[in-house]
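Step one of this worksheet: look at the structure below.
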Amino acid sequence: MRILSVLFVVASAPAMAQEPACEQSFSVNRLVEGMNAVDQAVGAFELGQVAIILTELRKDLPCTTDRIHVNHLTRFGRQMALAGFFDQDDLAMAYWKGLAEGPMPWPESMPDDHPLRNALADIERGVVVDWEDRGLEAPKNSAILFDAELAIRPVAHVEEAHFVQVLDRSGEVSFSAWQDGAIFREALLSDDPAALEVPKWFEPSDEDLDPTAMVDIDETLLDRRREQADAKADKEREQEEKRRYAMEAETLRAEKRATKAEKRAIKLEEKAKVENAGLRPEEVVVSETAAPAEWLAFDFGEEKAAIAELDTLERAGVDDTVCIDLVALETRAITGNLETLHVDCLERRLRHADRQTQQNKISRLLMADAWAKKEVLRWEAAVKRHLEEIDRSDPDLCYMFARHQAKHGAERVDSTMRWANAALANSLRWEGATRVDRVLALNRINALAAEDKWYRAEDAFLRSRQPDDMRKAEFWRNQTKSHAREWLEFADRSDSDTAIPYQLCLSAAGTHDYCLIQSNDSDVEEEIEEEG
């Protein structure tokens, strides 16, 4: 029995995430063939083979472009419940009970006193959830099938497997997916609680359909589907070629940026040597660690113009004189060579400074020194103080802090998203390749952070089954969907790789339509400045 237990963890466990992208369509006749094979394996008591076949059928069914009949789903639900019965798994039987007890009569091989039917009778179904303040959302003249029957309201049993299909105005299947319990995909929900209208073209399926027999499919319909599949394959090849080209272009840009960074580092080192030249030999301390120039943004032009006035003002408020000349301390801060007396003096000056410009300059010296010395906790405290108390409009500093917080994972997700959004709010200050790289990174941070919150909320709901936890899971799934879409749109506009944001968008949205975007020529200016 061990092999069956292992396989049915996959075959019968609830799945909240979107099914993997389908490589090819799955026909209803393949489902029938598979279920027939399951019956043969059950008759031969080949339980391992039963598990393998059902696992594959469950995985492939969302890839179907055929309308699935309620009798097919009922038969499949009974086979899944039977497998759970063989494995002595009450949870698996409960999960498939709703489908197993569909409208189709039980076969003669399963009379009233059959052990599976007795076992299912002892299992109480999950409660019914009605999203009273929401309705179903479908394109005009479309229909939603819930467990192969027409649905007009978002009503479902919790803790049970459900199968959802959307039929377009011609009756063709545009979407198929498994649904876990009463958690409807946001794309299927409307803020209007009114019942969905039944399209005039809709006709119920034949109640007497034999789920063991092959289904006749019109050849004209099959030809049209093949044409659509070929067109889709051509489009995917075109998108793949575009992604490949974008990756090559990004690699070239990365090499250019690396060259620029190396040149900046050389210039910074030369600048430090020149400014240290006026110091006494014992005052010059060489450090190989330098804070990144992008977020320091030192500007002491005003300082140099009014140094005499500054001396007078600062000496009046602070006794220490070792940190009066901020210009002289800039090189020491960048190279991490501020002494303890300098740091203490700057901290006191920062507390007493009345002007924001003065607070800004002092705070940046302290941040630069902590960064260069790799004193992470002091640097974090200095940056947090600067952003919360002095100035949060600097997109460079917000970007750097968001990246730093993101490295700490789940424990700092809220802080990561807070400062990523602060950086995005002022991202128009960036230009060219810098703007492209940083906005992409910030969108990625937001999307992955929201995904982490979504998965954690989903896990909490699966444990508690409380409505509040379900609403939190839905909220963070929507946040993930929105952030992934923003990431995808910017990646497309900037000719960057769209593969990862598209997959994340698809996972959260549960529909290709939401994540399909009309590619545009890049409206993001990318200028790679050549130096030398």
Taking into account only those residues within the stretch 18-34 that are exposed (fewer than 14 other Cβ atoms within 10 Å of the Cβ) and closer than 16 Å to PHE175 by Cβ, which is modelled with the highest pLDDT?
ALA21
Given (1) more than 18 Å from TRP419 (Cα to Cα); (2) in a helix (DSSP H, G or I), index of the condition GLU451 fails:
(1)
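Results for (1) hydrophobic (A, V, I, L, M, F, W, C); (2) more than 29 Å from LEU188 (Cβ to Cβ); (3) out of contact with any Cys (no Cβ under 8 Å at 6 or more places or on another chain), shown as yes or no for each residue.
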{"residue": "LEU91", "(1), (2), (3)": "yes, no, yes"}
{"residue": "LYS97", "(1), (2), (3)": "no, no, yes"}
{"residue": "GLY102", "(1), (2), (3)": "no, no, yes"}
{"residue": "ASP112", "(1), (2), (3)": "no, yes, yes"}
{"residue": "PRO115", "(1), (2), (3)": "no, yes, yes"}
{"residue": "ASP122", "(1), (2), (3)": "no, yes, yes"}
{"residue": "ARG125", "(1), (2), (3)": "no, no, yes"}
{"residue": "ASP130", "(1), (2), (3)": "no, no, yes"}
{"residue": "ASP133", "(1), (2), (3)": "no, no, yes"}
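Would you be able to say whether some residue in the stretch 390-402 is assigned to a helix (DSSP H, G or I), among the acidic types (Asp, Glu) and more than 18 Å from the chain's Cα centre (by Cα)?
The initial filter retains those residues of the stretch 390-402 that are assigned to a helix (DSSP H, G or I), namely 390, 395-402.
Now drop any that are not among the acidic types (Asp, Glu), which leaves 396.
Then keep just the ones that are more than 18 Å from the chain's Cα centre (by Cα); that gives 396.
So far as the stretch 390-402 goes, yes, one or more of its residues are assigned to a helix (DSSP H, G or I), among the acidic types (Asp, Glu) and more than 18 Å from the chain's Cα centre (by Cα).
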When GLU486 is evaluated against the numbered criteria (1) under 30 Å from ARG429 (Cβ atoms); (2) modelled with pLDDT under 85; (3) part of a helix (DSSP H, G or I), which criterion, by number, is the only one it fails?
(2)
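Looking for something out of contact with any strand residue (DSSP E or B) (no Cβ under 9 Å at 6 or more places or on another chain) and at positive phi - is there at least one such residue anywhere in the stretch 118-138?
no
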Conditions (1) surrounded by fewer than 19 Cβ atoms within 10 Å (Cβ to Cβ); (2) in contact with a helix residue (DSSP H, G or I) (Cβ under 6 Å, 6 or more places away or on another chain); (3) within 26 Å of LYS235 (Cα to Cα); number of the one not met by ASP452:
(3)
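Which of the residues spanning the stretch 472-491 are charged (D, E, K, R) and either in contact with a Phe, Trp or Tyr (Cβ under 9 Å, 6 or more places away or on another chain) or assigned by TED's automatic domain parsing to the domain that holds GLY181 (or both)?
LYS472, GLU474, ARG477, LYS481, ARG485
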Find all pairs meeting these conditions: Cβ atoms under 7 angstrom apart; at least six residues apart or on different chains; first residue within the stretch 452-465 and more than 16 Å from SER507 (Cα to Cα); second residue assigned to a loop (DSSP other than H, G, I, E, B) and at pLDDT 85 or above.
ARG465/VAL158
Please find, among TRP371, TRP379, TRP430, TRP419, the residue that is within 28 Å of PHE490 (Cα to Cα), surrounded by 21 or more Cβ atoms within 10 Å (Cβ to Cβ) and hydrophobic (A, V, I, L, M, F, W, C).
TRP419
Given the conditions (1) over 29 Å from the mean Cα position of the chain (by Cα); (2) basic (Lys, Arg); (3) surrounded by fewer than 21 Cβ atoms within 10 Å (Cβ to Cβ), every one holds for ARG364 apart from (3)
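The values are calculated or read from the model by the stated rules, or taken from the named source; none is laboratory data. Note that this is a predicted model, so its numbers are computed, not measured. Please note: Cβ atoms are built from the backbone with ideal geometry, for glycine as well, and neighbour counts cover all protein chains shown.
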